[in-house]
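Here's the structure, in structure tokens; my notes come after.
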Amino acid sequence: MRRIISVLMENEPGALSRVVGLFSQRGYNIESLTVAPTEDASLSRLTLVTIGDDHKIEQITKNLNKLIDVVKLVDLTEGAHIERELLLVKVRASGAQRDEIKRSVDIFRGQIVDVTSNMYTVQVAGTSEKLDAFLQALGEHTIMEVVRSGVSGIARGEKVLSV
Amino acid sequence: MELLSGGDMLVRALQDEGVDLIFGYPGGSALHIYDAIFRQKSIKHILVRHEQGATHMADGYARATGKVGVVLVTSGPGATNAITGIATAYMDSIPMVVISGQVPTEKIGEDAFQETDMVGCSRPIVKHSFLVKSAEEIPEIVKKAFYIASTGRPGPVVIDVPKDVTNPADRFPYRYPDKLRMRSYTPAGKGHSGQIRKAVAQLLSAKRPVIYAGGGVVQGGGAELLTELARRLNFPVTNTLMGLGAFPGSDKRFLGMLGMHGTFEANTAMHHADVILAVGARFDDRVTNTPGKFCPGAKIIHVDVDPASISKTIVADIPIVGTVQSVLSEMLEILKSSDEQPDQSAIVDWWRQIDDWRERHGLYTAPRYRTDGALIMPQEVIRAVYEITEGNAFVASDVGQHQMFTAQYYLFDKPRRWINSGGLGTMGFGLPAALGVKIAHPDEEVICVTGEGSIQMCIQELSTATQYHLPVKILCLNNQALGMVKQWQEMQYEGRLSNSVYEESLPDFVKLAEAYGHLGMKIERREELYDKLREAFAIKDRTVFIDVYVDPSEHVYPMQVMPNGSMRDMWLSKTERT
Ligand SMILES: Cc1ncc(C[n+]2csc(CCOP(=O)(O)OP(=O)(O)O)c2C)c(N)n1
Ligand SMILES: [Mg+2]
């Protein structure tokens, strides 16, 4: 099962490498990983997407919790949550293609954020699934370059992850 | 406030932490620290002959005392030489603080002379690590390092100290913190009372119970409580290789060690158990054999301070996260406050069954090795030493057949007396570990049981024994081969002894010992075994190297059948299988 784990950790050098090291050491996989400081500069928030059965996920969360730098964590997929990923994609766009791409961008509620006479750079935010669908709609031959931010997530409702 | 340089701060912080002993080896990046050590009196520094020796010595010291072992090494090769010892301590959850010199801050990352990324190299084998960025951080980092190393599930902590940070010219106000606030680290305390009640009820209803106790009981100071609990319930106890001494080896309820080279009675009882109380043990693969076939009918109660150890390989029916001491004492309180007793007739039947297993193939009901040959058997050497030392010695072991024979035949009545590298299985551990123990307990008999293979991995520490006058006994079970490797090759590779023998290249250990200023003794004839051993053990003020030539063809049995075997599937001799 795909899980989104959100981790609050000390904003210290070496902290990130301990998290990443744990995954490679113990043979857990990381689908995506994002990290940035929070409103409290002494803390970073890391979101990682991993795949595993319940036993694997339990081991992952237990071992993450064991890291001294990790302050708190939550498996967002255990409850209702919002997940977002940002996609920037450069596409070939000339002649009739331009309108067609614009339509797709509108359908997916994206924005064209850069343009030349031959290409667009498009920004789309949403779930990973939605971004996959958008890329599929564009078609391989028009895509020049893709960059995705990896998933960020937050629980729905009043629940917060904080110290 | 007093102004101190980083180097002086580091040493002062160690003093304030109560450290009186450091094991180390100097070099460029650590020289400011070494100078600070020179200018003080209360901390004694033991100069080893190889940084691996320093880590194992600190480790042996920590295992024998429960205190944190402290190591000081220089950057680069000094730091990397310490890696094996750090990994050894990590695998066995031993509290240790390793201070490594580092190149000056502004040179980090430039491939400077003797630069290695110590925090990076050691990352997978430490509980935590620190890279010191400024001298002002030193007191708090030292405080945190000792706290982390010694609490929860203990382990090694590295403090990497760039040379500029210890510069004697730069002074800062020094204050050692008396309190720590760490929002990200809260070691487990008491176990969940509801779970503990459930566990006690489960124990009381057991018909075929076994208590399976590991190194966590030794480390967590739970041996007395465990013993009280087992005696009160009259339950059989088996110890892991790491747990030996957690329950008295001479108690009739002791089944011996379990696992790969565990006793027939311990492994068979585990297999047939209906309730297993696992305390401070981690269901290591050398214990469980094939996890899918592990103890098919057993309800498992698992007590451990580390939540990540619970249900890692074997799923626990009643998991309890907490310190061994608090959980065991709570269990005892519940038992004492109620009149409930286990089902006596079931327990009597269970003991009858176990005694029958003991009679048939037990290690302690009859010798399970040759007693009529001309050659000295390794098992009888350990038996003899057990008798001569009346079971009271501290025994540090190396790794191989000799280690297993010692674990099987030297019965420890007290915790912290059996010192061995169980998790990593580090050859070379024995001698430095024994020296670390001897420093902690100068008046106790300390033995290093080793093989002619292992001893050569840290033999240089014989010189440290000379310098600090550490009269330990080195008991070498010399089978002229990497015996454990050879055993596997004989059992699994049709006897193709690929690189497990030395072709007449062994040194004369007697002369070697003498060259270091010690006594050497060789024992080759079976008739002289006891007399010579008595003679050796009568010597108290010299390091004695006892080189005993044992039957090179002997194997360690029982040995669990691998792969795909269950706990009770064992080879009992070269030809006999369960
Ligand atoms: C550093 C290290 N290298 C290799 C091994 C693999 N190994 C395990 S036991 C053993 C043989 C040990 O020989 P010896 O010390 O003579 O003990 P014996 O088994 O003969 O009693 C070896 C090579 C190890 N455990 N540690
Ligand atoms: Mg040998």
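Summed over qualifying helices (DSSP H, 4 residues or more, each -39500 (n - 2.57)) and divided by its residue number, chain A shows a 222 nm mean residue ellipticity of -8500 deg cm²/dmol.
Starting from the Cα gyration tensor of chain B, take the square roots of the eigenvalues, sort them a ≥ b ≥ c, and report rounded, prolate or oblate (rounded when a/c is under 1.5, otherwise prolate if a/b is larger than b/c, else oblate).
oblate
Let me make sure I get this right: for region B:380-425, a, b and c are the square roots of the gyration tensor eigenvalues over alpha carbons, sorted descending. Under 1.5 in a/c it's rounded, otherwise prolate if a/b > b/c, else oblate. Which is it?
oblate
Label separation (B:Lys133 vs B:Leu519): 5.8 nm, computed from points 7 Å beyond Cα along the C-beta direction.
The C-alpha atoms of chain A occupy a region whose extents along the principal axes are 57, 34, 32 Å, arranged from largest to smallest. With the simple spin-label model, which puts each label point 7 Å out from Cα in the Cβ direction, the B:Ala169 to A:Ser24 separation comes to 3.9 nm. With a threshold of 20 Å on the Cα-Cα distance, the over-threshold entries among A:Lys72/B:Lys143; B:Lys44/B:Lys67; B:Lys67/B:Lys127; A:Lys90/A:Lys130; A:Lys66/B:Lys198 are A:Lys72/B:Lys143; A:Lys66/B:Lys198. Model label sites at B:Thr466 and B:Asp117, defined 7 Å from Cα along the beta-carbon direction, differ in position by 4.1 nm. Net charge dipole, the protein assembly as shown: roughly 1180 debye, given to the nearest 20, about the Cα centre with Cβ charges of +1 for Lys and Arg and -1 for Asp and Glu. Contact order, relative form, for region B:3-173: 30 percent (alpha carbon pairs under 8 Å, 6 or more residues apart, mean separation divided by residue count).
Within the shell defined by Cβ-Cβ distances under 11 Å, the residues around B:Glu524 carry a net charge of +1, with Lys and Arg each +1 and Asp and Glu each -1. Each of B:Arg282, B:Arg175, B:Arg231 was scored by other Cβ atoms within 10 Å of its Cβ. Listed from fewest to most, they are B:Arg175, B:Arg231, B:Arg282. Take each residue in A:60-69, count the other chain C-beta atoms within 10 Å of its C-beta, and the mean is 5.
Peptide A:118-124 has a mean of 0 when you count, residue by residue, the C-beta atoms of other protein chains within 10 Å of its C-beta. Shape of region A:82-152 from the C-alpha gyration tensor: prolate (a/c of 1.5 or more and a/b above b/c, with a ≥ b ≥ c the square roots of its eigenvalues). Fewest neighbouring Cβ atoms within 10 Å first, the residues B:Tyr25, B:Tyr468, B:Tyr61, B:Tyr493 line up as B:Tyr493, B:Tyr468, B:Tyr25, B:Tyr61. If you plug the beta carbon distance of B:Ala374 and B:Val510 into 1/(1 + (r/R0)^6) with R0 = 30 Å, you get a FRET efficiency near 0.85. Inter-chain neighbour count for A:20-31: the average number of beta-carbon atoms from partner chains within 10 Å of each residue's beta-carbon is 1.
Simple point charges give the picture: +1 on the Cβ of Lys and Arg, -1 on the Cβ of Asp and Glu, and for chain B a dipole about the Cα centre of about 1160 debye.
The equivalent ellipsoid of the protein assembly as shown has semi-axes of 50, 35, 26 Å, largest first, where each one is the square root of 5 times an eigenvalue of the Cα gyration tensor. Computed about the Cα centre, the dipole magnitude for region A:82-152 is approximately 160 debye when only Lys and Arg (+1) and Asp and Glu (-1) carry charge, each at its Cβ.
Counted by neighbouring Cβ atoms within 10 Å, the residues B:Phe113, B:Phe247, A:Phe23, B:Phe283 run from fewest to most as B:Phe113, A:Phe23, B:Phe283, B:Phe247. Over the residues of chain B, the helix contribution to mean residue ellipticity at 222 nm works out to -10000 deg cm²/dmol, using -39500 (n - 2.57) for each DSSP H run of at least 4. Between A:Gln111 and A:Thr77, the FRET efficiency from the beta-carbon distance, with R0 = 22 Å, is close to 0.15. DSSP beta bridges fully contained in region B:378-556 are about 5 percent antiparallel.
Since every read-out is calculated from the coordinates, none of them should be taken as a lab result. Computed from a predicted structure; not experimentally measured. Glycine gets a Cβ as well: all are built from the backbone with ideal geometry, and neighbour counts include every protein chain shown.
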